[in-house]
1. Cα-based Rg (one decimal) and Dmax (whole number) for region 385-437, in Å?
2. Label-point separation (nm) for residue 350 and residue 378, each offset 7 Å from Cα along Cα-to-Cβ?
3. With a sphere of radius 9 Å drawn around the Cβ of residue 326, what net charge do the other residues whose Cβ falls strictly inside it have (Lys, Arg +1; Asp, Glu -1)?
4. Using only the alpha carbons of region 254-337, determine the length spanned along each of the three principal axes and report them from longest to shortest in whole angstroms.
5. Along each principal axis of its Cα atoms, how long is region 253-403 end to end? Whole angstroms, biggest number first, please.
6. Under a point spin-label approximation (7 Å from Cα along Cα-to-Cβ), what is the residue 51-residue 533 distance to one decimal in nm?
7. How much net charge surrounds residue 104 when only the other residues with a Cβ under 12 Å from the Cβ of residue 104 are counted, with Lys and Arg +1 and Asp and Glu -1?
8. If you bin the C-alpha pair distances of region 344-398 every 10 Å from 0, what whole percents do you get?
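Read-outs throughout are calculated quantities, based only on the coordinates presented, and are distinct from any laboratory measurement. The structure displayed is predicted, hence computed values, not measured ones. With ideal geometry, Cβ positions are generated from the backbone for all residues, glycine too; neighbour counts draw on all protein chains shown.
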Amino acid sequence: MILHCAIFLQFGCIFFLLLGVVKFQSCRRLSSDGGIRGFPPTASILSGLLNNNSCIRSLTLDCSQLDDSSVKIFAKKNLLELSLLKCSMFSSNIFTVIGENCPMLRLFSLDILTLDMEPNSVCENTIARMLKGFLYLEHLSIKFQLVHPAFGFFESSQFALPKTIKVLLLQPIHARQASRLILNNICDTEPVAPVAAVGNFYLGTSWGSNLQSLTLVLNIISDQLITTITKNLHHLVELCLEDKPFEEPLLLHDLTNSGLQSLSLCQNLTRLSLTRSKTYIPATFRRVNDVGILLLVEGCKRLESVRLGGFARVTDAGYAAVLHSCKSLKKFEIVNASFLSDLAFLDLSAATSLVEVRLVSCNLITSETALSLSTCSNMEVLDLSGCKSIADSGVISFSKLSKLNVLDLGGSDITDIGLSALGGGSSPISSLCLRGCKRITDRGIAHLFNGKGIIRNTILTLDMGYLPRISDKAVVVIAKACTEITILCIRNCFGITNASIEALGSLNHLVGRRTIRMLDVSNCCGLSVDSLMFLAPPFFCGLRWLGIGNTSLARKSKRRDMELLGGRVGFRLCIEGCEMGCKNGWYSHKFI
């Protein structure tokens, strides 16, 4: 029997791939996710891996180094699942080739930039032809990263989605076009009359009865769209809507309490996300208040995950209603809530199932909320980034949570005292963000990782960016104590010098420990060109991504490129000052 297994294209096997020795004939699942764990393959490496391999059923690729000539290498007839990430060099031909070669796909996911040299209509037509060849597709996700929903795709052609679709994600799509998509579902295979400036994106009659998850990134979320969804898609389990307005929405065409009330008809919902992005303007849902939230939770009591962003007029009463009414609530995320305070969390006796809580940029939240959340013994993820009033007492209260895995305290008011409590606690934290906590010093980092707790053995990801009081002493502590750390951000720490790089890369510290795979030292002005000798092999032998923006290292030179390359395959060097992994611009990094 062929075994199910996951293989990641990491440093250890690249040598064999280059020689064409390893064929992985018995593997059904292959991932080269180029994020934290993986490696972005070239066409030659991919060919050596996939040629004559008819056993792989599931494939996830970081396509940062792949173009149209690579598509036929991975577009195999036997594939059931295909996920393509960070596609920046493909044309619309990718849809044609996949449609012709992968008729058995159950899952297709594509994350791509705009196709700059082609009109949208050309791309839309190729997508339409591709979809006609998918007879068994259940999960479809298409993201165009650099297109605003007001000028997006899916507007002019007729798209007949397979009747088997259960999960659908489209980004971007105009709100009127999204409504047209759903309304045509109630008709036969003929589209209803088109709306001005809106295409005919239509579906077969059974699509609506199968759809369980719908995610759309739109130009605006309105009552009309919400009503269309609730009246026609009765079996939705997950609904995620995000809008990115170019201008302040008109009051008559915005989301109101009535729209939220209509959502209560979707009584099978277990996951709901409604967010208004401030990407272009600081817009909010001005016509929604506590009444709308109360009407929503009255019908959607089975919710297990709730994410709300941009609800500027909702207060503690509305948010507390969610916590008290949804008895199975596990994930609760609120973003940019101006009127959310500690009062909403005074009584969490009805929210014992909470596993993940994210309260992002909620300025009225203080350590009292942290104290209340510490009673949730199943808590695994706690994000209080941007909550400036979280202090040491809050950190002390949840330092004993035995399941806490991810903790984000970015921008909070904690000091070395709070870090000392974490360092002596029993929380198995693997990801910790201390970005912008300006009162933290070297002593606090020493207490954190030299304490009697377990965090020194569990920490994998650490963000210490924008800490003005941090110096080489803190980094030396991390290099010696944190044997498992693989991702480290120390950007904008002006006390960091070459000594930090030497400590992190020293071979003396690599024995019996993991190697750092992603390192961000952008804006560390204390680094000199001499630090290159510690960044080049054999130091940092597992390094996959390095951010050096606005440092002396960013100045282009053959010496720099040759020293950093040193036999590394697929190494990424970012000189643009991007966030870790170029998440805010993954198309702009440089491979050397």
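1. Considering region 385-437 through its Cα atoms, Rg and Dmax are 10.0, 26 Å.
2. With each label point 7 Å from Cα toward Cβ, the separation is 1.7 nm.
3. Around residue 326, the surrounding residues sum to +2.
4. Sorted largest first, the three principal extents are 35, 24, 21 Å.
5. Principal extents (largest minus smallest coordinate, Cα): 46, 34, 23 Å.
6. Inter-label distance under the simple model: 4.3 nm.
7. Neighbourhood net charge equals +2.
8. Reading upward from the zero bin: 26, 62, 13.
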